[in-house]
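S.K.: One structure, as C-alpha cells, below. Some questions next.
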Amino acid sequence: MRLLVCGGAGFIGSNFVRLRLRECGDEVVVLDKLTYAGRKENFHDFGEDPGFRFVHGAIEDPQAVASALDGGPGAGSPIEAIVNFAAETHVDRSIAEPDAFVRTHAQGTYVLLEAARERELRYLQVSTDEVYGSIEDGSFTEDSPLCPSSPYSATKTGADLLVQSYFHTYGLPAVICRGSNNYGAYQYPEKLIPLMILNAMHGDPLPVYGDGMQVRNWIHATDFGRAIGHVLEHGVHGEVYNAGGPDECANIEVVKRIIELTGAEESLIEHVTDRPGHDRRYSLSSQKVRALGWEPRVRFAEGLEQTVSWYRENEWWWKPIRSGDYRAYYERQYGRSLA
Ligand code: NAD
Ligand code: DAU
C-alpha cells in the first residue's frame, strides 16, 4: 500500500512504519511536526529506504498536509490511505497545558479528514482505551460508553467522534483502532516504563503515583502496529476495533519487575502525590479484531525484558533526551532534578 503516516516520527508511529516497510513492502510518507516526542533518530534504520519519504509539518496545517499527499520532490505514486498517529500523548502534560491537545486532536484531525474526503482516501484514526475511562471489573468493548477523564482522553474522544461523523455524513471509508498501554523500543521517557528503566539505571528515585495499585493492560508496540495494519486492510468502514494487550499489571508490580531486571535497589521506590483524576484500571476486550485474524504475539514478561535490554543497549537514543529539555520537564513535573 501507499500510506501517509501522520505522527510517524513518534514511538508507535515509527515502529509501525518500520513494520510496514519491512514486512509489507509498503511505500510510506511520514508527516510529522517533530514536537519534543517526534525524532528523526527514530528513522535511523529506514530513513534512506527508497520507499520512505519524510515531510516536516503539522496536521493542522492544510498546506503541509497537501504537500505530503500530493508530492513535491521525491514524490512516488498517489497515496491510498491516511493513518493518523499524530497526537499529544502524555496525560500529565495535558493536565498542566491542555491547549496543544485541543489544537492537534480537534483541528488537526479535522484537516486530515477534509483532505481524505477531497481525495477519496481511506482513513485510519489511531485511538486509545482511555476514551472509555476507568473500569473496575471486566473489559471495555467497542460498544462501551465513552467516558474520558483527562484533557488528553477527552480530546482524543472528540477526534474519534469527528471521524465517525465523516463516515456517517460523507461516507468516508474510515476506521478507528483503540489501543491499550503500549511499551517497547523508542518510547519517550516521560511514560511509566522507560522513565522507570532509565531512573533505575541511573539510581534516581522511582516516582510511583499514589498507592501504585492502578492497573494497565500492556501491549507491545509491534503488536499494536500489526493490529493497526490488520484493521486498515480488513476492517469494516465505519467500525471501531479495540486492540488490547495479553496481560494486565499493577504499576507497582511493573516497577518491581524493572528493579529486578536492572538490578536496582527497591529502596529507590518513592510514593508521590497521585495524578489528578487518575484512572484506576484500563482493560480492553479485543474479540472483534481477533475475529479479523489478529492476535498479540508478545507476552508482557518477555516484552519487558526485551525493552529493558533495548534501553541498556541504546544509550545513543536516550542520552540526548535525558540531558536536554526533558530535565526541565522532569523538574516541573516531579519537583526534583535527575542525577
Ligand atoms: P508519541 O508522543 O511518541 O508521538 C506522537 C508523534 O506525533 C510525535 O512524532 C509528534 O511529533 C507527532 N505530532 C504531535 N502533534 C503533531 C501535529 N500537530 N502534527 C504532526 N505531528 C504531530 O506518541 P505515541 O505513544 O507513539 O502515540 C501515537 C498515537 O497512538 C497517539 O494517537 C496516541 O493517542 C495513540 N495511543 C498511544 C498509546 C500509548 O500507550 N502510547 C496507546 C494507545 C493509543
Ligand atoms: O492506555 C493508553 C494510554 O496509555 C495512551 O493513550 C497514552 O498516550 C499513554 O500515555 C498511556 O497513558 P497512561 O497515563 O496510562 O500512561 P503513563 O505511562 O503516563 O502512566 C502509566 C501508569 O503509571 C499510570 O497509572 C500513571 C502511572 N505513573 C506514571 C508516571 C509517568 C506513575 O506512577 N509514575 C510516573 O512517573
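S.K.: Just one of Gly171, Gly212 is more than 9 Å from ligand 2 (Cβ to nearest atom) and either buried (at least 19 other Cβ atoms within 10 Å of the Cβ) or not aliphatic (A, V, I, L, M) (or both); which is it? Give the derivation first.
M.R.: Values: Gly212 fails: more than 9 Å from ligand 2 (Cβ to nearest atom).
On inspection, the qualifying residue turns out to be Gly171.
Matching residues to (1) in a helix (DSSP H, G or I); (2) loosely packed, with under 15 Cβ neighbours inside 10 Å; (3) over 15 Å from the mean Cα position of the chain (by Cα):
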| position | (1), (2), (3) |
| --- | --- |
| Tyr36 | no, no, no |
| Asp45 | no, yes, yes |
| Ala66 | yes, no, yes |
| Leu69 | yes, no, yes |
| Ala100 | yes, no, yes |
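S.K.: While we're on this one: Please indicate, with yes or no, whether at least one residue in the stretch 230-241 is buried (at least 23 other Cβ atoms within 10 Å of the Cβ), within 10 Å of ligand 2 (Cβ to nearest atom) and at pLDDT 95 or above.
M.R.: no
S.K.: Considering only the stretch 3-41, how many residues are under 24 Å from Glu233 (Cβ atoms), within 13 Å of ligand 1 (Cβ to nearest atom) and not acidic (Asp, Glu)?
M.R.: The total comes to 18.
S.K.: Any idea which residue in the stretch 303-333 is surrounded by the fewest Cβ atoms within 10 Å (Cβ to Cβ), counting only those that are more than 16 Å from Tyr183 (Cα to Cα) and among the polar types (S, T, N, Q)?
M.R.: Looking at the filtered set, the residue picked out is Ser323.
S.K.: I'd like the full set of residues that are charged (D, E, K, R) and more than 18 Å from the chain's Cα centre (by Cα), limited to the stretch 1-34. Don't jump to the end; show me each part of the working.
M.R.: The initial filter retains those residues of the stretch 1-34 that are charged (D, E, K, R), namely 2, 18, 20, 22-23, 26-27, 32-33.
Within the stretch 1-34, Arg2, Arg22, Glu23, Asp26, Glu27 qualify.
S.K.: Now for a different question. When the residues of the stretch 191-204 are narrowed to those that are within 10 Å of ligand 2 (Cβ to nearest atom) and in contact (Cβ under 8 Å) with a residue 24 or more places away in the chain, which ends up nearest to Asn314 (Cα to Cα)? Break it down stepwise before answering.
M.R.: Here is the first cut: in the stretch 191-204, the residues within 10 Å of ligand 2 (Cβ to nearest atom) are 191-196, 199.
Filter once more, keeping what is in contact (Cβ under 8 Å) with a residue 24 or more places away in the chain: 191-194, 196, 199.
Numbers: Lys191: 17, Leu192: 18, Ile193: 15, Pro194: 12, Met196: 16, Asn199: 15 Å.
Taking the candidates together, the pick is Pro194.
S.K.: For the condition within 21 Å of Leu284 (Cα to Cα), among the small types (Gly, Ala, Ser) and either touching a Lys or Arg at 6+ places or on another chain (Cβ under 9 Å) or away from ligand 2 (no atom under 13 Å from the Cβ) (or both), what is the one hit in Ser77, Ser153, Ser127, Ser149? Spell out the reasoning first.
M.R.: On the way: Ser77 fails: within 21 Å of Leu284 (Cα to Cα); Ser153 fails: either touching a Lys or Arg at 6+ places or on another chain (Cβ under 9 Å) or away from ligand 2 (no atom under 13 Å from the Cβ) (or both); Ser149 fails: either touching a Lys or Arg at 6+ places or on another chain (Cβ under 9 Å) or away from ligand 2 (no atom under 13 Å from the Cβ) (or both).
On inspection, the qualifying residue turns out to be Ser127.
S.K.: Quick check, is Met201 closer than 29 Å to Gln306 by Cβ, out of contact with any Phe, Trp or Tyr (no Cβ under 8 Å at 6 or more places or on another chain) and of a type outside the set (Ser, Thr, Tyr)? Steps first, answer last, please.
M.R.: Working: closer than 29 Å to Gln306 by Cβ: yes; out of contact with any Phe, Trp or Tyr (no Cβ under 8 Å at 6 or more places or on another chain): no; of a type outside the set (Ser, Thr, Tyr): yes.
Criteria not met by Met201.
S.K.: Val308 passes all but one of (1) over 28 Å from Glu142 (Cβ atoms); (2) out of contact with any Leu (no Cβ under 6 Å at 6 or more places or on another chain); which number fails?
M.R.: For Val308, the failing item is (2).
S.K.: With respect to the numbered conditions (1) within 18 Å of the chain's Cα centre (by Cα); (2) part of a helix (DSSP H, G or I), which one is the sole condition not fulfilled by Arg290?
M.R.: It fails just one condition, (1).
S.K.: Moving on. Of the residues Ile219, Ile258, only one is of a type in the set (A, V, I, L, M, F, W, C), in contact with a Phe, Trp or Tyr (Cβ under 8 Å, 6 or more places away or on another chain), crowded, with 21+ Cβ neighbours inside 10 Å and on the phi < 0 side of the Ramachandran plot; which?
M.R.: Working: Ile258 fails: in contact with a Phe, Trp or Tyr (Cβ under 8 Å, 6 or more places away or on another chain).
None of the others qualify; the one that does is Ile219.
S.K.: What residue, among those in the stretch 71-98 that are aliphatic (A, V, I, L, M) and either at pLDDT below 95 or farther than 22 Å from Arg39 by Cα (or both), is surrounded by the most Cβ atoms within 10 Å (Cβ to Cβ)?
M.R.: First, the residues of the stretch 71-98 that are aliphatic (A, V, I, L, M): 75, 79, 81-83, 86-87, 91, 95-96.
This time we only want the ones that are either at pLDDT below 95 or farther than 22 Å from Arg39 by Cα (or both), so: 75, 79, 81, 95-96.
Working: Ala75: 15, Ile79: 24, Ala81: 20, Ile95: 17, Ala96: 11.
Here the residue is Ile79.
S.K.: List every residue pair whose Cβ atoms lie under 8 Å apart, where the two residues are 6 or more positions apart in sequence or sit on different chains, the first residue falls within the stretch 48-60 and is over 17 Å from Phe85 (Cα atoms), and the second residue, located anywhere, is loosely packed, with under 15 Cβ neighbours inside 10 Å.
M.R.: Within 8 Å, the pairs are Gly51/Gly25; Gly51/Gly76.
S.K.: Next question, about the same structure. If Ala264 satisfies every condition in (1) crowded, with 17+ Cβ neighbours inside 10 Å; (2) within 16 Å of ligand 1 (Cβ to nearest atom) but one, which is the exception?
M.R.: For Ala264, the exception is condition (2).
S.K.: Which pairs turn up if I take residues in the stretch 138-157 that are at pLDDT 95 or above and look for partners that are acidic (Asp, Glu) and not in a loop (DSSP other than H, G, I, E, B) with beta carbon separation below 8 Å, at least 6 apart in sequence or on another chain?
M.R.: Note: pairs meeting the criteria are Phe140/Asp129; Leu146/Asp160; Pro148/Glu130; Ser149/Glu130; Ser150/Glu130; Tyr152/Glu130; Ser153/Glu130; Lys156/Glu130.
S.K.: Find the strands (runs of 3 or more DSSP E) located wholly in the stretch 156-214 whose residues include 1 or more that are under 18 Å from Glu270 (Cβ atoms) and either away from ligand 1 (no atom under 14 Å from the Cβ) or more than 19 Å from the chain's Cα centre (by Cα) (or both), and list them. Talk me through it step by step, then tell me what you get.
M.R.: On the way: elements: 174-179, 181-183, 206-209.
Result: 206-209.
The values are calculated or read from the model by the stated rules, or taken from the named source; none is laboratory data. Computed from a predicted structure; not experimentally measured. Using ideal geometry, Cβ is built from the backbone for each residue, glycine included, and neighbour counts are taken over all protein chains shown.
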